[in-house]
Amino acid sequence: MKYVRFEDNSGAVQEGVIMEGEIKAGSRLYDPSDVSILPPTRPSKIVCVGLNYQDHIEETGRKTPERPALFLKTPNTVASHEETITLLPGKERIDFEAELGVVIGKRCRNISAGEAMQYVKGFTCVNDLSNRDDQRIEQNWVRGKSFDKACPFGPYVVSAKDVDEHAKITLKQNGKVMQSSSIDQMLFSVPELIAEITKYMTLEAGDLIATGTPSGVGPIKDKDVIEVYIEGVCTLRNWFRIP
Ligand code: MG
């Protein structure tokens, strides 16, 4: 199943599924090009995983963590597929990071890895925008990771069972491949991440987990178009401006 959230011509926000290229919402069908695609959920929080691909750990020069390295992005970071995102002015380096996003389907707390996937609605694409200027001088990464629009995600959420466990993850900057890996390269798997996170906090329906990025992260430039593609899931595309 491929889920989508959208605003129709009357301004009503609806949820539907993609069927044969059309959006089905209740008994009505919509042409995806006639509606505004919204971020798939309005998460109460976005739990992010750092250093979850060995090749990215090596490019950062950090040590492999013994447990998942977790940080948060706040709800103001949400941005839509095909939205033009204006980045913070005066920063030397704001990077793209292609990531598999996990959308939670049901509230959960203290969940074992074995039961974790029952609580997952599906997978989506995330671009974990990262302001390195501030990230490198602050411990909690508030300025580094939670500036406005720092988490474009979507456009669809695809049931986990419909996604190959070896699915490719790719990021293109102006059409050039910058990141290329597969989701089976994650050090901590999706069930392991959910088990670890829910030891500490309740995950609500609609919450998002950004599961970490492979190697190849790099700076975004003015007028870039950046696409995050996960095989069998979707392509997330955004344009960027730097004032
Ligand atoms: Mg990241």
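The values are calculated or read from the model by the stated rules, or taken from the named source; none is laboratory data. In this text the structure is predicted, and so the values were computed from the model without any measurement. All Cβ positions, glycine included, derive from the backbone under ideal geometry; neighbour counts span all protein chains shown. The protein model used for the area step is the full one, side chains on, heavy atoms only, and it has no ligands, DNA or RNA in it. Shrake-Rupley method; radii C 1.70, N 1.55, O 1.52, S 1.80 Å.
Restricting to Cα pairs below 8 Å that are 6+ residues apart, what does the relative contact order work out to for the chain? Please round to a whole percent.
Details: 641 pairs, mean separation 67.3, N = 243.
RCO, the chain: 28 percent.
Report, in deg cm²/dmol and to the nearest 500, the calculated mean residue ellipticity at 222 nm for the chain, where each DSSP H run with n ≥ 4 adds -39500 (n - 2.57) and the sum is divided by the residue count. Display every interim value, and only then the final one.
Numbers: 4 runs with 26 residues, N = 243.
About -2500 deg cm²/dmol.
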- line: On the accessible surface of region 5-124, probed at 1.4 Å with all protein chains in place, carbon and sulfur together account for a percent value of 45 percent
query: Whole-Hz Karplus ³J(HN,Hα) for region 135-142, in order, using 6.51 cos²θ - 1.76 cosθ + 1.60 and θ = phi - 60°, x for Gly and Pro?
result: 4, 6, 10, 10, 7, 9, 6, 4
- request: Please list the non-local residues whose amide H lies under 5 Å from the amide H of Gly218, H modeled 1.01 Å from N, same-chain partners needing a gap of 5 or more.
  value: Phe96
- prompt: When the chain is modelled as a GNM with alpha-carbon springs shorter than 10 Å, which of Pro40, Pro75, Pro152 fluctuates the most?
  reply: Pro75
Choice from Val158, Val13, Val142 with maximal GNM fluctuation in the chain (Cα, 10 Å cutoff): Val13
- line: Honestly region 143-214 on the Cα gyration tensor test (a ≥ b ≥ c root eigenvalues; a/c under 1.5 rounded, otherwise a/b vs b/c for prolate or oblate) is just oblate
query: Separation of region 218-243 and region 93-167 by C-alpha centroid, Å?
result: 15 Å
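Please state the relative contact order of region 19-155 as a whole percent: Cα pairs under 8 Å, 6+ residues apart?
Values: 215 pairs, mean separation 36.5, N = 137.
After rounding, I find 27 percent.
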- prompt: Tell me, what is the FRET efficiency for Val17 and Arg93 to the nearest 0.05, using R0 = 25 angstrom and their Cβ-Cβ distance as r?
  reply: 0.05
query: Dipole magnitude of region 97-243 about its Cα centre, charges +1 at Lys/Arg Cβ and -1 at Asp/Glu Cβ only, in debye to the nearest 20?
result: 360 debye
statement: The answer for Leu70, listing residues at least 5 apart or on another chain whose modeled amide H is closer than 5 Å to its amide H, is Gly50
statement: Note to self: with every protein chain in place and a 1.4 Å probe, the chain gives an accessible area per residue in Å² of 47 Å²
